[in-house]
């Protein structure tokens, strides 16, 4: 079994979502899901030759007042 310790790192309290590939999406943007805003921490772009491509966004909830 693999275990990861991410407490205290930049990936603590993050989760990933998949979106349809869009080169216009940047880390400067935010994502809103329900009433919560999330910073985009990382974008793993699908640069394959497939007809339908997906990118993985790593999100982290924005801090209050930030």
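Each value in this text was obtained by applying a stated rule to the coordinates, not by laboratory testing. Remember, predicted model here, so these are calculated numbers, not experimental data. Cβ: placed from backbone, ideal geometry, glycine included. Neighbour counts: every protein chain shown.
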Using the basic label-point model (7 angstrom from Cα toward the beta carbon), what is the residue 24 to residue 56 distance in nanometres? 2.5
Long-range Cα-Cα pairs in segment 14-61 (distance over 11 Å), rounded percent: 65
